[in-house]
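Reading through the structure tokens given below for one structure.
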Amino acid sequence: MLAKSRYIAAVLAYKLFVIRFINVSTAFIHVPSEEEIARDEARVEEYKQIYTGVTLKAARTAELRTGIIPAARFADKIRRVALAAFKGYAPREVIIRDVSEFNRQLYDIIVNKMGCGKGDLIRVSVDVSYDEEGQRLVFGEPKIDRFVPESEIKAAYEAKIRELEAERERLREELEEERSKLEAVRKRLEELVRELGR
């Protein structure tokens, strides 16, 4: 009987603790303002662009994003993001096989067509869907953004300015030369007019 009363007392104490904890903890829950909600919604797109991740678009369809990474790391990132996105939907071997093929295509674009070096910063995003019947991942057209350091942009800009200034100087000299020729022709015409007038 004593054990039963201790048990009942313990249960009541626990319930009282839980009720007090819940009442106290709900008093401190922060309800965000409309301004905070709007700010958070605006940041969603920013975070999508900056950070690695997956956005589900439909059943067995997702947008894979690498975030901003060195070009040398794109294959690992795409593989990891694809494994995370399609785990449970597609067999691991299918994911590895199809991502490897896609990475070969990306390599050609990133290295051969865009001319990116290993340390260049890029961001890759691509829509991918899983075809259950064909047992394969279907990749859409990748979007690849290249991030160029400000110093490179400034150097290219300054080189172009120097080139344009040199071209402007050459054209100015050419214009002066043409003006002097025109002045010589004008003087010669004036002389001829005077001679004819005599």
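The values are calculated or read from the model by the stated rules, or taken from the named source; none is laboratory data. Owing to the predicted nature of the structure, the values given are computational and were not obtained by experimental measurement. So basically every Cβ, Gly included, is an ideal-geometry build from the backbone, and we count neighbours across all protein chains shown.
Odds and ends about this structure:
- Condition check for Val111: closer than 19 Å to Ala71 by Cα and touching a residue at least 60 places away in the same chain (Cβ under 8 Å): no
- Residue within the stretch 27-47 that is modelled with pLDDT under 90, exposed (fewer than 14 other Cβ atoms within 10 Å of the Cβ), in contact with a strand residue (DSSP E or B) (Cβ under 7 Å, 6 or more places away or on another chain) and among the aliphatic types (A, V, I, L, M) present: no
Each row is one residue, and each column tells you yes or no for (1) outside the structural domain of Leu137 (by TED's automatic domain parsing); (2) in a helix (DSSP H, G or I); (3) under 30 Å from Ser151 (Cβ atoms); (4) out of contact with any His (no Cβ under 7 Å at 6 or more places or on another chain).
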site	(1), (2), (3), (4)
Leu56	no, no, no, yes
Arg73	no, yes, yes, yes
Ile78	no, yes, yes, yes
Ile96	no, yes, no, yes
Leu106	no, yes, yes, yes
Ile109	no, yes, yes, yes
Gly115	no, no, yes, yes
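- Qualifying residue in the stretch 80-90 (condition: among the β-branched types (Val, Ile, Thr) and assigned to a helix (DSSP H, G or I)): yes
- Considering the conditions (1) part of a helix (DSSP H, G or I); (2) surrounded by 14 or more Cβ atoms within 10 Å (Cβ to Cβ), Lys181 is excluded by exactly one of them, (2).
- Single condition Gly119 does not satisfy, out of (1) within 19 Å of Arg65 (Cα to Cα); (2) surrounded by 10 or more Cβ atoms within 10 Å (Cβ to Cβ); (3) in contact with a strand residue (DSSP E or B) (Cβ under 9 Å, 6 or more places away or on another chain): (2)
- Of the residues making up the stretch 57-79, those that are out of contact with any helix residue (DSSP H, G or I) (no Cβ under 7 Å at 6 or more places or on another chain) and in contact (Cβ under 8 Å) with a residue 24 or more places away in the chain number 8.
- Candidates in the stretch 123-157 are the residues that are in a strand (DSSP E or B) and free of Cβ contacts under 8 Å to residues at least 12 places away in the same chain; of these, the one that is farthest from the chain's Cα centre (by Cα) is Asp131.
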